[in-house]
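The values are calculated or read from the model by the stated rules, or taken from the named source; none is laboratory data. Note that the coordinates shown come from a computational prediction; the quantities given were computed from them, not determined experimentally. Here the Cβ is made from the backbone with ideal geometry for all residues, glycine too, and neighbour counts use every protein chain on show. Ligands, DNA and RNA are stripped out before the accessible areas are found, and what is left, the full protein with its side chains, is counted by its heavy atoms. Shrake-Rupley method; radii C 1.70, N 1.55, O 1.52, S 1.80 Å.
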Amino acid sequence: MKRCTACPRHCAVDRDAGELGYCGCGRKIRVAKWMLHMWEEPCVSGLHPARDSVTLPLPDFRDPDWIAKIEPQPVRGSGAFFFCGCNLGCAYCQNRAISRPGCALGREYTTEEIADMLLAAERYGAYNCNLVTPTPYLPQLRGAIRMAKARGLSIPIVWNTGGYEAPDAIDTLAGLVDIYLTDWKYMDPVLAGSLSHAPDYAAVLSEVYPKMAAQVTSPVYDADGMLRRGVILRHLVLPGYRADSMAVLQKAAGLVPPREVILSLMRQYTPDFCADADVPQSLHRRVTSFEYRTVLDTAAELGYNGYSQDAASASTGYTPEFRGK
């Protein structure tokens, strides 16, 4: 925290002293929402047709026995921690309410408190602890995960990332992270620069993606079909950029055999989240069936297995609500 190099931007700010880098994150971990999330990939969230996610109650740290008193929820899901801040700042971000610097939503927690919450998520019945946009808090989260595992945490840790990770940072997560749920958004550096302020995005992914796969190995499932270890490669098809999407899949396939990962090919892009952004004209519409089908065909030809989405997924209805009490 004295010289932050948690991600490839290497801002080198002193977060202990209150300095903020690109992500806008400080010394403590700010969590916007803590929930049993039903809308991730089925091997992470389970199958919950038409069921809303369940926001978990705020932890009562005043009671030393608060975790032991937890009663499991009647339904299970992914134990999602939505962190504030992001090291990418994508123009079309659906979580922009919490991802932009200066976010005042949520609450701040210490490393020890996050460790408690990881254990509590398991008590509530979560299939896993799903750390959403964890990169800005990598040093603190390493400590929290170690503490929780030392105290008996047995469900998997999911590192749910935009993919823009420092290669040496991935090395430090060995033995702590069980599942990498990583985006690979672009191949074109111009596109990555204009939409996510990261022209080196593909170069970074080309190095960190094989590291993730080597670290957690091929997918391992439990008796109920829930993922225990492995990599889920997410790619969001953007309108007007199907050629870049196909290039992403081809590059990724050349780095890690497609059968050794789970592909999540997403069609959920909606222009609702970039209406006020300076983006290419094509991003002011949804993905066409032709665009999505051609990328899906490429995935099949390359030998990927995993998940696809239908046109109904392009809706704001699947985005968690962050404002309010």
Study note, to complete from the structure: Only helices counted: for the chain, with every DSSP H run of 4 or more residues adding -39500 (n - 2.57) and the sum spread over all residues, [θ] at 222 nm is -8500 deg cm²/dmol
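Want the number for Ser194 to Gln250: 0.36 nm per residue separation, take away the alpha-carbon distance, what's left? Could the numbers behind the result be given before it?
Working: separation 56, 0.36 × 56 = 20.16 nm, distance 2.22 nm.
The span from Ser194 to Gln250 would gain 17.9 nm if fully extended.
For Lys2 and Arg123, calculate 0.36 nm times their separation in residues minus their Cα-Cα distance, and state this gained length in nm to one decimal. Walk me through the numbers before you get to the answer.
Numbers: separation 121, 0.36 × 121 = 43.56 nm, distance 3.47 nm.
Extra length available between Lys2 and Arg123 comes to 40.1 nm.
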Revision key, fill the gap. Output row, site Thr110, 7 Å Cα→C-beta label point, backbone N cut-off 11 Å, window the range 48-80, residues none
Check your understanding: For the range 105-226, treating each Cα as an identical point scatterer without solvent, what Debye log10 I(q)/I(0) comes out at q = 0.10, 0.17 1/Å?
Key -> -0.35, -0.91
Review point. Which lysines, on any chain, are close to Lys2 with Cα under 22 Å apart, when same-chain ones fewer than 8 places away are left out?
Key: Lys28
Review point. Beyond 15 Å, what percent of the Cα pairs of the range 25-79 remain?
Key: 58
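Please find the FRET efficiency linking Asn305 to Arg285, where r is the Cβ-Cβ separation and R0 is fixed at 25 Å, and quote it to the nearest 0.05.
On the way: r = 30 Å, r/R0 = 1.18.
So the FRET efficiency works out to roughly 0.25.
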Review point. If r is the Cβ-Cβ distance from Ser218 to Trp66 and R0 is 51 Å, what FRET efficiency results, to the nearest 0.05?
Key: 0.85
Check your understanding: Peptides 288-298, 26-36: what's the order by average Cβ count within 10 Å, highest mean first?
Key -> 26-36, 288-298
Exercise for review: For Lys211, list the aspartates and glutamates whose Cα falls under 12 Å from its own Cα; do not include residues on the same chain fewer than 8 positions away.
Suggested key: Glu165, Asp168, Asp171
Review point. Near the amide H of Leu263, under 5 Å away, which other amide H atoms are found, from residues 5 or more places off or on another chain, if H is placed in the peptide plane?
Key: Leu233, Asn305, Gly306, Tyr307
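Tally Lys/Arg at +1 and Asp/Glu at -1 over every other residue whose Cβ is under 12 Å from the Cβ of Pro136; what's the total?
Details: positive: Arg9, Arg15, Arg27, Lys28, Arg30; negative: Glu165.
Net charge in that neighbourhood comes out at +4.
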Revision key, fill the gap. Over the range 159-297, the quotient of the Cα radius of gyration and 2.2 N^0.38 Å is 1.08
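Return one whole number: the accessible area per residue of the chain in Å², for a 1.4 Å probe.
Working: 13840 Å² over 325 residues.
Heavy-atom accessible area per residue stands at 43 Å².
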**Study point:** Rough spin-label spacing in nm, given labels placed 7 Å along Cα→Cβ, for Ala174 and Asp272
**Key:** 4.3
